[in-house]
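**Student:** Sharing a structure, written as structure tokens. Questions coming.
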There are 2 protein chains.
Amino acid sequence: MSVLIVGSIGLDTIETPFGKKQDILGGSAIHAAVAASFYGPAAVAGVAGSDFPKEHLDFLGQRKIDVSGIQIIDGKTFRWSGYYEFDMNQAHTRDTQLNVYTRFKPELPESFRDCNYVFLANFDPELQLKVLQQVKKPKLVAMDTMNFWIENKRQALHKVIRHVDLLLLNDGEARQFMETPNLPIAAARLLKLGPKSVIIKKGEHGALYFSDKGYFSAPSYPQDQLRDPTGAGDSFAGGLIGYLAGSDDLSEDNIRRAIIVGSVMASFNIEDFSLDRMKRLTRREIQERFSEFKRFSEFEAIGALQ
Amino acid sequence: MSVLIVGSIGLDTIETPFGKKQDILGGSAIHAAVAASFYGPAAVAGVAGSDFPKEHLDFLGQRKIDVSGIQIIDGKTFRWSGYYEFDMNQAHTRDTQLNVYTRFKPELPESFRDCNYVFLANFDPELQLKVLQQVKKPKLVAMDTMNFWIENKRQALHKVIRHVDLLLLNDGEARQFMETPNLPIAAARLLKLGPKSVIIKKGEHGALYFSDKGYFSAPSYPQDQLRDPTGAGDSFAGGLIGYLAGSDDLSEDNIRRAIIVGSVMASFNIEDFSLDRMKRLTRREIQERFSEFKRFSEFEAIGALQ
């Protein structure tokens with residue numbers, strides 16, 4: 001079952017303690033689609049400028065990602081420039097150039113409209129809503145957002161959230177949006193906005209899942225090979241929804257597995273700049289790391305206390 | 001099997017968004033001993049002043065905690081006064097009065113010296129070392145510390161750490177002490193200082209265990225009833241070592257269970273001020289919450305990727 005991913009397509013200039021890279025492939029939709037593509041067919045919609053290197057489209061094609069929803073229009077591709085300090089938990093933006101995004105009118109190819117699994121990657125919530133109005137009867141719509149939209153387009157954000165099944169955001173954003181430092185309380189408030197479930201991404205601390213059916217805490221992976229955290233949240237979401245689409249199973253048990261799959265993909269994505277680690281990632285490595293996540297978090301019951 | 005706990009015995013004045021309490025029972029050894037006492041006999045060593053209310057000693061006695069190692073000397077009991085802001089992740093110290101601690105000479109009762117399980121609760125590392133020299137052949141020595149000692153008695157701290165089996169500290173302290181923002185790297189460096197294993201306590205984010213035999217990530221409990229975080233780390237450690245002593249089993253599987261037991265005890269301790277929640281805590285509640293921790297973190301394997 002194919003998954004549709006809509007979001008930004010960009011060229012990033014990134015500086016971390018491990019190096020500086022100029023105009024490398026990035027964007028929320030790209031990181032998500034590449035992670036999803038390990039689990040089945042994925043399709044991307046978005047916009048790129050006429051300067052977008054053909055090699056990137058070729059790479060997406062090699063991964064069997066349908067790029068027919070990427071509009072290429074005259075002008076420059078979206079660009080983000082940022083840096084991470086020593087602790088790498090926080091991205092600092094140097095510059096954002098929307099470029100062709102200011103002229104972007106989401107128009108999904110007809111074949112994309114009956115997708116059953118849709119991921120609205122981090123993106124302007126007004127555009128997210130326009131995309132959502134074009135899909136027919138999806139089984140699952142997931143969306144991601146960020147502090148910029150919480151601060152600047154709160155109303156539009158509320159509107160999209162009302163129509164999605166699964167909302168993803170990071171811990172700082174959940175606290176800020178719901179105005180409470182307590183994550184379980186923030187999650188309870190977010191669920192009242194409409195979604196069936198909420199995932200709070202906590203970076204090095206794992207992820208939390210909240211729904212009216214239950215709670216799940218995904219473990220921290222002991223990652224000591226972090227080189228560039230850009231795209232971690234997108235590859236988490238992409239792996240998650242790609243796995244759900246590939247297995248076409250929305251049971252709570254399968255959602256838990258999908259959250260671990262997302263954690264696995266994010267843990268690889270941050271080991272190198274851009275999509276470089278994903279380009280050389282193998283199925284065997286994924287399977288092994290999933291087993292590690294399981295081994296790292298299992299414990300047995302205690303006997304009755306005397 | 002009895003567990004010996006040495007650390008501070010104090011009267012705390014605490015302000016949180018949920019209220020202000022004056023001169024309530026506190027101290028690292030007290031929080032730890034009470035948590036440990038749910039799993040078997042515990043003994044406390046430390047010092048209190050002549051103003052220490054008899055009702056507190058009575059309470060410890062009711063919990064079958066051996067208080068014969070608590071020296072009562074003329075003068076005022078150790079006092080700590082602090083507050084927590086809205087987010088309650090960080091304790092802010094208003095005032096610390098060492099009082100009788102300045103005259104404390106650790107002198108363990110003879111019957112305490114052949115304890116098999118010893119916990120050096122957060123405390124001056126020079127005093128921790130003096131205690132350690134008095135115990136004979138313990139099966140396990142665990143210790144906790146805090147930023148104050150990392151900043152002010154680093155050499156003494158290194159000396160004690162060399163002699164303990166299990167080192168506990170929180171994530172901020174691990175990063176500060178080992179001068180890296182990366183927790184797995186900090187843990188690897190801490191292990192080089194001598195201990196067989198390291199536990200990094202992350203408050204709302206759970207706990208991480210590192211040893212040369214493996215890694216374990218304990219889940220976050222979705223605690224929305226937090227009223228006073230004081231003593232969370234101490235009750236975590238007390239529950240952990242109390243459970244290890246009670247079961248007298250140092251296998252990796254049992255250490256994992258003990259970490260969850262510690263997490264359970266900490267999650268209860270923070271639901272009310274001082275030891276108030278522990279005073280009304282039942283075995284059935286502990287057992288149920290342990291099961292919740294298990295349910296909240298379990299997931300199944302994925303099939304082979306095609």
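Just so you know, all these numbers are worked out from the coordinates, no wet-lab data involved. Given the structure is predicted, the values throughout are model-derived calculations rather than measurements. Here the Cβ is made from the backbone with ideal geometry for all residues, glycine too, and neighbour counts use every protein chain on show.
**Student:** Within 10 Å, count the other beta carbons around each residue, average over each peptide in B:258-268, A:191-201, A:88-98, and list them highest first.
**Tutor:** On the way: B:258-268: 27.2, A:191-201: 20.0, A:88-98: 13.3.
Highest to lowest by the protection proxy: B:258-268, A:191-201, A:88-98.
**Student:** In whole Å, what three semi-axes, largest first, describe the equivalent ellipsoid of segment B:3-297 built from its Cα gyration tensor (square root of 5 times each eigenvalue)?
**Tutor:** 25, 22, 20
**Student:** So which aspartates and glutamates pass the test for B:Lys202, namely a Cα distance under 15 Å, with those fewer than 8 places away in the same chain ruled out?
**Tutor:** A:Asp171, A:Glu204, B:Asp87, B:Asp144, B:Asp171, B:Glu173, B:Asp234
**Student:** Counting other Cβ atoms within 10 Å of each Cβ, which trypsin sites (Lys or Arg not before Pro) in segment A:221-306 have at most 13 and sit in a DSSP loop?
**Tutor:** Numbers: sites: A:Arg227, A:Arg256, A:Arg257, A:Arg277, A:Lys279, A:Arg280, A:Arg283, A:Arg284, A:Arg289, A:Lys294, A:Arg295; in loops: A:Arg227, A:Arg280.
Of the trypsin sites (Lys or Arg not before Pro), the ones in loops of segment A:221-306 whose Cβ has at most 13 other Cβ atoms within 10 Å are A:Arg280.
**Student:** Each residue of segment B:204-213 in turn: what ³J(HN,Hα) in whole Hz from Karplus with 6.51, -1.76, 1.60 and θ = phi - 60°, glycine and Pro shown as x?
**Tutor:** 4, 8, x, 8, 10, 10, 10, 8, 6, 8
**Student:** Quick one: work out the % antiparallel among DSSP beta bridges in the protein assembly as shown, nearest 5.
**Tutor:** In the protein assembly as shown, DSSP labels about 40 percent of beta bridges as antiparallel.
**Student:** Still on this structure, I have one more. Compute the signed sum of charges (Lys and Arg +1, Asp and Glu -1) over the other residues within less than 15 Å, Cβ to Cβ, of A:Val198.
**Tutor:** On the way: positive: A:Arg162, A:Arg175, A:Arg189, A:Lys192, A:Lys196, A:Lys201, A:Lys202, A:Lys213, A:Arg256; negative: A:Asp144, A:Asp165, A:Asp171, A:Glu173, A:Asp212, A:Glu252, B:Asp224.
Here the charged neighbours net out to +2.
**Student:** Classify segment A:95-180: rounded, prolate or oblate, from the alpha-carbon gyration tensor (a ≥ b ≥ c, eigenvalue square roots; a/c under 1.5 rounded; otherwise prolate if a/b is larger than b/c)?
**Tutor:** Oblate, because a/c is 1.5 or more while a/b does not exceed b/c.
**Student:** Among the GluC sites (Glu not before Pro) in segment B:197-306, which ones are in a DSSP loop with at most 12 other Cβ atoms within 10 Å of the Cβ? Mind listing them?
**Tutor:** Those that pass, being in a loop and sparsely packed, are B:Glu300.
**Student:** Something else: When a footprinting reagent is the concern and you count Cβ atoms within 10 Å, what order do A:Tyr83, B:Tyr243, B:Tyr221 take, fewest first?
**Tutor:** Arranged by neighbour count, lowest to highest, A:Tyr83, B:Tyr243, B:Tyr221 become A:Tyr83, B:Tyr221, B:Tyr243.
**Student:** Of B:Lys213/B:Lys294; A:Lys130/A:Lys153; B:Lys159/B:Lys196; A:Lys105/A:Lys130; A:Lys105/A:Lys201; A:Lys130/A:Lys159, which ones are farther than 19 Å apart at the Cα?
**Tutor:** Where the Cα-Cα span goes over 19 Å, the pairs concerned are B:Lys213/B:Lys294; A:Lys105/A:Lys201.
**Student:** Just need the relative contact order of segment A:3-297 here, percent rounded to a whole number, with Cα pairs under 8 Å and 6+ apart.
**Tutor:** Contact order relative to length: 18 percent.
**Student:** State, to one decimal in nm and shortest first, how far the label point of A:Gly61 sits from each corresponding label point in the other identical copies (label point: 7 angstrom along Cα-to-Cβ).
**Tutor:** 8.5
**Student:** For segment B:111-148, which trypsin sites (Lys or Arg not before Pro) are both in a DSSP coil and crowded by at most 12 other Cβ atoms within 10 Å? Provide the component values of the computation, followed by the final result.
**Tutor:** Details: sites: B:Arg113, B:Lys130, B:Lys136, B:Lys139; in loops: B:Arg113, B:Lys136, B:Lys139.
Hits after loop and neighbour filter: B:Lys136.
**Student:** Okay, next question. Other chains' Cβ within 10 Å of A:254-267 residues: what's the mean?
**Tutor:** Per residue, the number of nearby Cβ atoms from other chains is 2 on average.
**Student:** Using a Gaussian network model on chain B with a 10 Å cutoff between Cα atoms, which of B:Ser211, B:Ser37, B:Ser251 fluctuates the most?
**Tutor:** B:Ser251
**Student:** Could you work out, residue by residue across A:221-228, how many beta carbons of other chains sit within 10 Å of that residue's beta carbon, and then give the average as an integer?
**Tutor:** 4
**Student:** Once the label point is placed 7 Å from Cα along Cβ, list for B:Arg154 the distances to the corresponding points in the other copies, in nm, shortest first.
**Tutor:** Label point to label point, same position, other copies: 4.5 nm.
**Student:** Can you name the chain A residue with its Cβ nearest the rotation axis from A to B, and give the distance in Å as a whole number?
**Tutor:** Output: A:His205, 2.
**Student:** In nm, to one decimal, how far is the modelled label at A:Arg63 from the one at A:Lys105, with both set 7 Å along Cα→Cβ?
**Tutor:** Distance between the two pseudo-spin positions: 3.0 nm.
**Student:** Still on this structure, please answer the following. If the reach is capped at under 13 angstrom between alpha carbons, list the aspartates and glutamates near B:Lys137, excluding any in the same chain fewer than eight residues apart.
**Tutor:** The reachable aspartates and glutamates, counting only those whose Cα sits under 13 Å from B:Lys137, are B:Asp114, B:Asp165.
**Student:** When the dipole is taken about the Cα centre of segment B:3-297, and only Lys, Arg (+1) and Asp, Glu (-1) are charged at their Cβ, what size is it in debye, to the nearest 20?
**Tutor:** 660
**Student:** Once you sort the root eigenvalues of the Cα gyration tensor of the protein assembly as shown as a ≥ b ≥ c, which label holds: rounded (a/c under 1.5), prolate (a/b larger than b/c) or oblate (the other case)? Kindly include the intermediate steps, with their values, before the conclusion.
**Tutor:** On the way: a/c = 2.25, a/b = 2.21, b/c = 1.02.
Because a/c hits 1.5 or more and a/b exceeds b/c, the protein assembly as shown counts as prolate.
**Student:** Quick one: with label points 7 Å out along Cα→Cβ, list the inter-copy distances for B:Asp224 in nm, shortest first?
**Tutor:** Label-point distances to the other copies, shortest first: 3.9 nm.
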